[in-house]
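**Student:** Quick one: the structure is below, and I'll ask about it shortly.
The values are calculated or read from the model by the stated rules, or taken from the named source; none is laboratory data. Values in this document were obtained by computation on a predicted structure and should not be read as measured data. Here the Cβ positions follow ideal geometry from the backbone for every residue, glycine too, while neighbour counts run over all protein chains shown.
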Amino acid sequence: MQTVAVFTDTYLPTVNGVTYTIETWRDYWCARGGRMPVVYPGSDGYRPAPDEHPVSSLPFPFYPGFRLGRPRIPSAISEADPDVVHTHTPFALGLAGRRLATRADLPLVASYHTPASEYAEYISDHLSGPLRRIAERYERWFFRQADAVVVPSRAAAAQVPDGGTPVHVVSNGVDTDLFQPSSEAAVAAFRDRHDIPEGPLVGYTGRHGHEKRLEELLTATRGIEATLVVGGDGPARSELERAAAARDDVVFLGFLDRSELPTFYTALDAFGFPSPVETQGLVALEAIACGTPVVAADGAALSETVVDGETGYHFEPGNVDGLTAAIRRALADRQRLSERCLSRRDALSVERSIDALENVYDTVVNSDARRLVR
């Protein structure tokens, strides 16, 4: 098993799909006998684990929770004598990873988790158009430097600005040892602990970003005989709480510890996911692994992450009436959908993802056609 030096601009204690994927992949890679040191922006709120290497950083003023790390290569990374460099973001520390690959003549693998252009509006509404174009050109330039690009879905493969670099689809995968149905007793204790009323539950957990369109979930659940339970945090949270202030059928849980998530998913009768911009939608996979059907926008990767009529239902992105109808349908069909979700657990396992990732690393290490455009 190779030593893979990972560089990322987002990591713990920031909670999102990228950080969870990196942490899970590292744990499983190391369990197989490999090594995966991680370089990330340091924060006072997180104590690094072994082989995690923080660099000095500053808060990013336009996006809460995101930090700009100094683009440096810790000496411990060079001393680890890596076989491969893997960047999970293309910005400051992604550039540091690219520099290490160039300097040490190592293969460079780059993951495409989130299109940078989607976040242009966080910097400026008026300049979002030009900023999107700049972001797309920059990403194309960055991925052109890599020997392989890793994407989590076929939909992401179709939209990644790869610059001609070979693209490999590797699902983020789910830790199915953790994400499995919880007992009735655990669900009852969870509901008591968070003061969640009896009756059907529709829910969401994850980052509260404006691009997630969670306000549509608030609107769609009006009139449905179910409580909407929302976990997580993010830039849009305060707006969502204000919008739901007069309602007694919406419960905001705030940040949930990862150990609570399987019980949260199990407690739900349907998971609502109106975001049209996902490159995979890790929380949808986690919900499915716990036997909870997902109602998702029929757009981007969620069109393939959720199998219509099998693991949930789709609706046309932006169609709130369609979202309401899909939620009602999922609630009525909950038992059958749950059984179908559980039958797909093995296919979602992160073990399969690590198998595919190992194949990518072997390919670039053994390739005679190393990219020469760096």
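**Student:** Could you list, ordered by first residue, the pairs with Cβ atoms under 8 Å in which the first is in segment 32-57 and within 15 Å of Arg70 (Cα to Cα) and the second is among the acidic types (Asp, Glu) and assigned to a strand (DSSP E or B), at least 6 apart or interchain?
**Tutor:** Val38/Glu52; Tyr40/Glu52
**Student:** Restricting attention to helices (runs of 4 or more DSSP H) lying wholly within segment 333-374, give those where 3 or more residues are over 20 Å from the mean Cα position of the chain (by Cα), modelled with pLDDT of 95 or more and of a type outside the set (D, E, K, R).
**Tutor:** Result: 334-342, 350-366.
**Student:** Right, next: Against the definition (at pLDDT 95 or above, outside any strand (DSSP E or B), touching a helix residue (DSSP H, G or I) at 6+ places or on another chain (Cβ under 8 Å) and more than 25 Å from Glu23 (Cβ to Cβ)), how does Leu228 come out, yes or no?
**Tutor:** Spelling it out, it is not the case that Leu228 is at pLDDT 95 or above, outside any strand (DSSP E or B), touching a helix residue (DSSP H, G or I) at 6+ places or on another chain (Cβ under 8 Å) and more than 25 Å from Glu23 (Cβ to Cβ).
**Student:** Given the criteria surrounded by fewer than 17 Cβ atoms within 10 Å (Cβ to Cβ) and either of a type in the set (Val, Ile, Thr) or assigned by TED's automatic domain parsing to the domain that holds Ala300 (or both), does Val169 qualify?
**Tutor:** Yes, satisfied.
**Student:** Identify, from the list Thr219, Thr205, Thr279, Thr266, the residue that is in a loop (DSSP other than H, G, I, E, B) and polar (S, T, N, Q).
**Tutor:** Result of the check over Thr219, Thr205, Thr279, Thr266: Thr279.
**Student:** Please state which one of Trp25, Trp29 is closer than 19 Å to Gly94 by Cβ and modelled with pLDDT of 95 or more.
**Tutor:** Step by step, each of Trp25, Trp29 is checked, and only Trp25 is closer than 19 Å to Gly94 by Cβ and modelled with pLDDT of 95 or more.
**Student:** Could you tell me whether Val294 is buried (at least 24 other Cβ atoms within 10 Å of the Cβ), free of Cβ contacts under 8 Å to residues at least 40 places away in the same chain, within 19 Å of Val187 (Cα to Cα) and in contact with a helix residue (DSSP H, G or I) (Cβ under 8 Å, 6 or more places away or on another chain)?
**Tutor:** It is true that Val294 is buried (at least 24 other Cβ atoms within 10 Å of the Cβ), free of Cβ contacts under 8 Å to residues at least 40 places away in the same chain, within 19 Å of Val187 (Cα to Cα) and in contact with a helix residue (DSSP H, G or I) (Cβ under 8 Å, 6 or more places away or on another chain).
**Student:** Just to be sure before I move on: is Gly299 buried (at least 17 other Cβ atoms within 10 Å of the Cβ) and part of a loop (DSSP other than H, G, I, E, B) in the structure I sent?
**Tutor:** In short, yes.
**Student:** Given the structure, is Gly33 on the phi > 0 side of the Ramachandran plot, surrounded by fewer than 20 Cβ atoms within 10 Å (Cβ to Cβ) and not assigned by TED's automatic domain parsing to the domain that holds Pro235?
**Tutor:** Yes: the conditions hold for Gly33.
**Student:** Now a separate question. If Arg328 satisfies every condition in (1) under 24 Å from the mean Cα position of the chain (by Cα); (2) crowded, with 16+ Cβ neighbours inside 10 Å but one, which is the exception?
**Tutor:** Result: Arg328 fails condition (1) only.
Yes or no, residue by residue, for (1) touching a strand residue (DSSP E or B) at 6+ places or on another chain (Cβ under 7 Å); (2) aliphatic (A, V, I, L, M):
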site: Glu239; (1), (2): no, no
site: Ala243; (1), (2): no, yes
site: Arg258; (1), (2): no, no
site: Phe264; (1), (2): yes, no
site: Pro274; (1), (2): yes, no
site: Val277; (1), (2): no, yes
site: Ala284; (1), (2): yes, yes
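**Student:** Please enumerate the residues belonging to segment 271-291 that are more than 21 Å from Glu351 (Cα to Cα) and crowded, with 24+ Cβ neighbours inside 10 Å.
**Tutor:** Those that are more than 21 Å from Glu351 (Cα to Cα) and crowded, with 24+ Cβ neighbours inside 10 Å: Phe271, Gly272, Phe273, Pro274, Ser275, Glu278.
**Student:** Does Gly203 meet the test of being closer than 13 Å to Cys290 by Cβ and at pLDDT 95 or above?
**Tutor:** yes
Conditions tested, residue by residue: (1) closer than 21 Å to Ala284 by Cβ; (2) crowded, with 19+ Cβ neighbours inside 10 Å.
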residue	(1), (2)
Glu211	yes, no
Leu214	yes, yes
Leu217	yes, yes
Gly223	no, no
Leu228	yes, yes
Asp248	no, no
Leu253	yes, yes
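**Student:** If I go through segment 157-179 residue by residue, how many of them are more than 26 Å from Thr102 (Cβ to Cβ) and either modelled with pLDDT of 95 or more or charged (D, E, K, R) (or both)?
**Tutor:** Residues that pass the stated criteria total 10.
**Student:** Hey, another quick one. What are the pairs, 6+ residues apart or on separate chains, where a residue within segment 65-87 that is more than 22 Å from Ile354 (Cα to Cα) has its Cβ under 9 Å from a residue that is of a type in the set (Lys, Arg) and surrounded by fewer than 18 Cβ atoms within 10 Å (Cβ to Cβ)?
**Tutor:** Close Cβ pairs (under 9 Å, with a partner that is of a type in the set (Lys, Arg) and surrounded by fewer than 18 Cβ atoms within 10 Å (Cβ to Cβ)) amount to Pro71/Arg99; Ile73/Arg99; Ile73/Arg103; Ser78/Arg103.
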